[in-house]
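Peer 1: Structure provided below as structure tokens; questions to follow.
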Amino acid sequence: MQYRCEAVSIEGFIQQLAVAYIARGYLFYVTGRIPDHKNPQLVDEKLIDRYRIGISQWARARRKRAGQANVQYLRHERFFVLLATHGEHSFFEEEGANVRDVRRRSIKYAGYAIGFRGGHVQVRIDLPRYRELKAWFEERAAKRSVEVLARAFYELPFEPYYLVRQQEFHILRAVNRRRKEAGMPLVPKECIWLKRRP
């Protein structure tokens with residue numbers, strides 16, 4: 001069975017990374033970007049072969065019982081991440097100082113930051129992107145209609161993970177504070193997605 005490593009969408013990449021890998025103990029990682037002149041599929045094959053990633057779930061279970069690490073590989077377009085569990089593996093030797101711990105440094109991609117705190121995966125809008133969005137909405141808070149602002153919230157390109165929703169509600173409260181001060185109608189909270197879109 002061929003190892004599947006390519007995510008066809010940003011949403012699929014983030015979900016696979018957060019739910020299927022980090023939540024299951026893949027806490028150590030290296031990220032990279034495949035240069036334009038290289039074929040992504042050939043790079044996939046090279047990395048999967050180098051780190052013996054394309055093994056069965058039973059082989060992974062045996063490695064885990066023996067105190068050895070397992071490695072996964074995930075790519076969206078030209079951005080990729082290699083992830084490993086605790087244990088011994090050539091991944092740690094070959095990647096050396098490039099290896100990061102998701103509990104200390106979040107994986108950042110496409111405006112998201114994916115981390116691990118208090119035993120849970122945390123998906124949020126990356127801080128620089130969040131500040132950009134907040135400034136954009138606050139600047140327009142008292143200059144645009146309810147409908148225009150509600151549509152802008154509705155069309156934000158982030159899946160409604162818990163912390164993402166909290167950040168969007170925080171922006172909405174800031175917008176409505178300004179609108180209230182200006183005597184304008186408030187933007188309804190219903191403009192923020194609460195469930196993942198199909």
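Table: residues versus (1) in contact (Cβ under 8 Å) with a residue 12 or more places away in the chain; (2) more than 25 Å from residue 38 (Cα to Cα); (3) over 15 Å from the mean Cα position of the chain (by Cα).
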residue	(1), (2), (3)
73	yes, no, no
80	yes, no, no
84	yes, no, yes
89	yes, yes, yes
98	yes, no, yes
105	no, yes, no
110	yes, no, no
115	yes, yes, no
119	no, yes, yes
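Peer 1: When the residues of region 33-53 are filtered to those that are open to solvent by 50 Å² or more (accessible area, probe 1.4 Å) and either touching a strand residue (DSSP E or B) at 6+ places or on another chain (Cβ under 9 Å) or not in a helix (DSSP H, G or I) (or both), which remaining residue is nearest to residue 157 (Cα to Cα)? Explain how you work it out, then say what you get.
Peer 2: So the first thing to find is which residues in region 33-53 are open to solvent by 50 Å² or more (accessible area, probe 1.4 Å), and the list is 33, 35-39, 41-42, 45-46, 49-50, 52.
From what is left, the residues that are either touching a strand residue (DSSP E or B) at 6+ places or on another chain (Cβ under 9 Å) or not in a helix (DSSP H, G or I) (or both) are 33, 35-39, 41, 52.
Details: 33: 22, 35: 26, 36: 25, 37: 29, 38: 29, 39: 28, 41: 27, 52: 35 Å.
Within region 33-53, the match that is nearest to residue 157 (Cα to Cα) is 33.
Peer 1: Taking only region 138-175 into account, find how many residues are part of a helix (DSSP H, G or I) and of a type in the set (Phe, Trp, Tyr).
Peer 2: Our first condition is that a residue be part of a helix (DSSP H, G or I); within region 138-175, this holds for 138-140, 146-154, 162-175.
With of a type in the set (Phe, Trp, Tyr) added as a condition, the list becomes 153-154, 162, 169.
Going through region 138-175 one residue at a time, the tally reaches 4.
Peer 1: How many residues are over 25 Å from residue 15 (Cα atoms), assigned to a loop (DSSP other than H, G, I, E, B) and open to solvent by 10 Å² or more (accessible area, probe 1.4 Å) when one looks only at region 176-198?
Peer 2: Residues that pass the stated criteria total 6.
Peer 1: If residue 58 meets every condition in (1) open to solvent by 30 Å² or more (accessible area, probe 1.4 Å); (2) not in a helix (DSSP H, G or I) apart from one, which number is that one?
Peer 2: Unmet for residue 58, out of (1) open to solvent by 30 Å² or more (accessible area, probe 1.4 Å); (2) not in a helix (DSSP H, G or I): (2).
Peer 1: Give the residues of region 16-27 that are open to solvent by 30 Å² or more (accessible area, probe 1.4 Å) and under 17 Å from residue 79 (Cβ atoms), sorted by residue number.
Peer 2: Here is the first cut: in region 16-27, the ones open to solvent by 30 Å² or more (accessible area, probe 1.4 Å) are 16, 19, 23-24.
Within region 16-27, 16 is the sole residue that qualifies.
Peer 1: Would you be able to say whether some residue in region 62-82 is assigned to a strand (DSSP E or B) and surrounded by fewer than 14 Cβ atoms within 10 Å (Cβ to Cβ)? Before you say what the answer is, go through the steps one by one.
Peer 2: If we filter region 62-82 for residues that are assigned to a strand (DSSP E or B), which is where we start, we get 68, 71-76, 79-82.
The next check asks that each one be surrounded by fewer than 14 Cβ atoms within 10 Å (Cβ to Cβ); those that pass are none.
No - not one qualifying residue is present in region 62-82.
Peer 1: Let me ask another. From the set of residues in region 83-137 that are in a strand (DSSP E or B) and aromatic (Phe, Trp, Tyr), which is surrounded by the most Cβ atoms within 10 Å (Cβ to Cβ)?
Peer 2: Within region 83-137, the subset in a strand (DSSP E or B) is 83-84, 88, 100-101, 107-109, 112-117, 120-125.
Filter again for aromatic (Phe, Trp, Tyr), leaving 109, 112, 116.
Numbers: 109: 18, 112: 24, 116: 20.
My answer is 112.
Peer 1: Of (1) at pLDDT 95 or above; (2) surrounded by 15 or more Cβ atoms within 10 Å (Cβ to Cβ); (3) in a helix (DSSP H, G or I), residue 30 satisfies all except one. Which?
Peer 2: Result: residue 30 passes all but (3).
Peer 1: Please state which of the following conditions residue 75 fails to meet, knowing it meets all the rest: (1) closer than 29 Å to residue 124 by Cα; (2) in contact with a His (Cβ under 7 Å, 6 or more places away or on another chain).
Peer 2: For residue 75, the failing item is (2).
Peer 1: Taking region 146-175, which residues are polar (S, T, N, Q) and out of contact with any helix residue (DSSP H, G or I) (no Cβ under 9 Å at 6 or more places or on another chain)? Steps first, please.
Peer 2: Restricting attention to region 146-175, the residues satisfying the condition of being polar (S, T, N, Q) are 166-167.
Within region 146-175, just 166 meets the criteria.
Peer 1: List the pairs whose first member sits in region 38-54 and is more than 16 Å from residue 95 (Cα to Cα), whose second member is open to solvent by 30 Å² or more (accessible area, probe 1.4 Å) and of a type in the set (Phe, Trp, Tyr), and whose Cβ atoms are under 7 Å apart, counting only residues at least 6 apart or on separate chains?
Peer 2: Cβ pairs passing all conditions: 54/3.
The values are calculated or read from the model by the stated rules, or taken from the named source; none is laboratory data. Model, not experiment: these values are computed from the prediction. Positions of Cβ are generated from backbone atoms using ideal geometry, with glycine treated the same way; all protein chains shown enter the neighbour counts. Side chains included, ligands, DNA and RNA excluded: accessible areas come from the protein's heavy atoms. Shrake-Rupley method; radii C 1.70, N 1.55, O 1.52, S 1.80 Å.
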